[in-house]
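In what follows, a structure is listed as structure tokens, so that the remarks can point back to it.
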Amino acid sequence: MTTSKSQKLLLRFLVLLAICPSVSLWPAIPQRDVISKQLGLIVPVAAQAPVTLDRSIRDYKLPSEIPWVERNGTGSLTLYGDASKPGGIYVSLLRRPFDNWSTPHTHPTERYGTVLEGTFLAGTGPVQDRNRVDALRVGTVVSEVPGRMHYDGVGQDGVTLFFIGMGGTNSGPANEAPRAPGGPNVDPTARVAKKLEDMVWTKAADGSTFVNVFGDPGKAGLYVQFVRRPPNSWSTAHRHANDQFVWVMGGRMYIGTGSSVDKDKTVGMPKGSYTHDFANGTHYEGTKDEDLWLLVAGMGPAAPERASN
């Protein structure tokens, strides 16, 4: 009797399955990541190999990798060349604290300084007058005329400066008559400051904009240039006839080396990063999801030359 009832129940169960084949007897199996979250498991993911660039084409330093040399509260670093050796260019950084002042002095050769951070207090003449200075903010580029006396100080937020110039031995303080009363704080015949808000930008064919602050990369001589790129903007693979030095003023630049642009084979360079592009090395760069602002400096001619694959 018991066996008969069991057989009847089994038969009814099989009929039910035949009538309703779409009915699921088991709950849906969650995906792997859902299971791992529910059970608190860590599912290992294959690590992606870090991107390696050819450092003989393009060398770079992230902000944490810049080896500042600290002395008495002031940081400095020579990135390229030697300021004391005539005939070649040099590139350097200088970081100074609040209320740090120089005495009036001169430089024997051409030099350009860009304010990267903070406030630079610039004055001119053989007498230091702290009330007769211009407060220069981020993005200002200053040309210091060889042989003319000037002095400078630092605002409450400190200052970080990027210099490019021609090397040479300084002969010491020049004999210069004191400035007459009145007139601008900074004598434009001794020191020329170009402020960011006064610069006129030009749009390039690739969608970027630029301004040649001093000099021109397409011509012989020192140049200082600003470049801006919108999001998702990339250069072609290109090279320069002379070395070029790049500082990320804002945003993030993605850099690569070689003649084929591969956005996945790039290194992200945040604000405060430095790149040295060696002469005739083929490279490319671009942006992903944010605007980019670059300081570009070097010795021309160094206009970009498109590289063939």
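Values computed for the structure shown
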| read-out | value |
| --- | --- |
| Criterion violated by Ser208 - all others in (1) of a type outside the set (A, V, I, L, M, F, W, C); (2) buried (at least 18 other Cβ atoms within 10 Å of the Cβ); (3) more than 25 Å from Tyr80 (Cα to Cα); (4) in contact (Cβ under 8 Å) with a residue 60 or more places away in the chain satisfied | (4) |
| Members of the stretch 64-78 found to be in contact with a Ser or Thr (Cβ under 6 Å, 6 or more places away or on another chain) and either surrounded by 12 or more Cβ atoms within 10 Å (Cβ to Cβ) or among the basic types (Lys, Arg) (or both), listed by number | Thr78 |
| Members of the stretch 150-181 that are aliphatic (A, V, I, L, M) and open to solvent by 10 Å² or more (accessible area, probe 1.4 Å) | Met166, Ala174, Ala177, Ala180 |
| Hey, Ala174 at pLDDT below 90, touching a Ser or Thr at 6+ places or on another chain (Cβ under 6 Å) and not basic (Lys, Arg) or not | yes |
| Residue list for the stretch 126-156, restricted to those being under 28 Å from His276 (Cβ atoms) and not hydroxyl-bearing (Ser, Thr, Tyr) | Leu136, Arg137, Val138, Gly139, Val141, Val142, Glu144, Val145, Pro146, Asp152, Val154 |
| Contacts under 9 angstrom Cβ, first residue in the stretch 180-191 being under 13 Å from Arg132 (Cα atoms), partner open to solvent by 80 Å² or more (accessible area, probe 1.4 Å) and in a loop (DSSP other than H, G, I, E, B), 6 or more apart | Asn185/Asn131 |
| Unique residue being touching a Phe, Trp or Tyr at 6+ places or on another chain (Cβ under 9 Å), among the aromatic types (Phe, Trp, Tyr) and farther than 25 Å from Pro63 by Cβ when the list is Phe214, Phe245, Phe226, Phe210 | Phe214 |
| Within the stretch 186-200, tally of residues that are of a type in the set (S, T, N, Q) and buried (at least 17 other Cβ atoms within 10 Å of the Cβ) | 0 |
| The stretch 109-131: number of residues that are surrounded by fewer than 18 Cβ atoms within 10 Å (Cβ to Cβ) and either in contact (Cβ under 8 Å) with a residue 12 or more places away in the chain or among the basic types (Lys, Arg) (or both) | 4 |
| Qualifying residue in the stretch 217-224 (condition: closer than 14 Å to His283 by Cβ and surrounded by 13 or more Cβ atoms within 10 Å (Cβ to Cβ)) | no |
| Single residue of the stretch 79-105 satisfying the filter (out of contact with any Ser or Thr (no Cβ under 8 Å at 6 or more places or on another chain) and polar (S, T, N, Q)) that is surrounded by the most Cβ atoms within 10 Å (Cβ to Cβ) | Ser102 |
| Residues located in the stretch 270-280, provided they are in a loop (DSSP other than H, G, I, E, B) and open to solvent by less than 10 Å² (accessible area, probe 1.4 Å) | Ser273 |
| Members of the stretch 274-305 found to be within 16 Å of the chain's Cα centre (by Cα), over 21 Å from Ser260 (Cβ atoms) and not β-branched (Val, Ile, Thr), listed by number | Tyr274, His276, Asp289, Glu290, Asp291, Leu292, Trp293, Leu294, Leu295, Ala297, Gly298 |
| Among (1) part of a loop (DSSP other than H, G, I, E, B); (2) touching a Gly at 6+ places or on another chain (Cβ under 6 Å) - the single one Thr189 does not satisfy | (2) |
| Residues of the stretch 226-266 classified as part of a strand (DSSP E or B), open to solvent by 20 Å² or more (accessible area, probe 1.4 Å) and more than 25 Å from Trp201 (Cα to Cα), total | 1 |
| Positions within the stretch 125-158 being outside any strand (DSSP E or B), more than 20 Å from Phe214 (Cα to Cα) and of a type outside the set (S, T, N, Q), in sequence order | Gly125, Pro126, Val127, Asp129, Arg130, Arg132, Val133, Met149 |
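The values are calculated or read from the model by the stated rules, or taken from the named source; none is laboratory data. Just so you know, these numbers come straight off a predicted model, no measurement behind them. Neighbour counts are summed over all protein chains in view; Cβ atoms, including those assigned to glycine, are modelled from backbone coordinates with ideal geometry. Note: accessible area is taken over every heavy atom of the protein model, side chains too, but ligands, DNA and RNA are not part of it. Shrake-Rupley method; radii C 1.70, N 1.55, O 1.52, S 1.80 Å.
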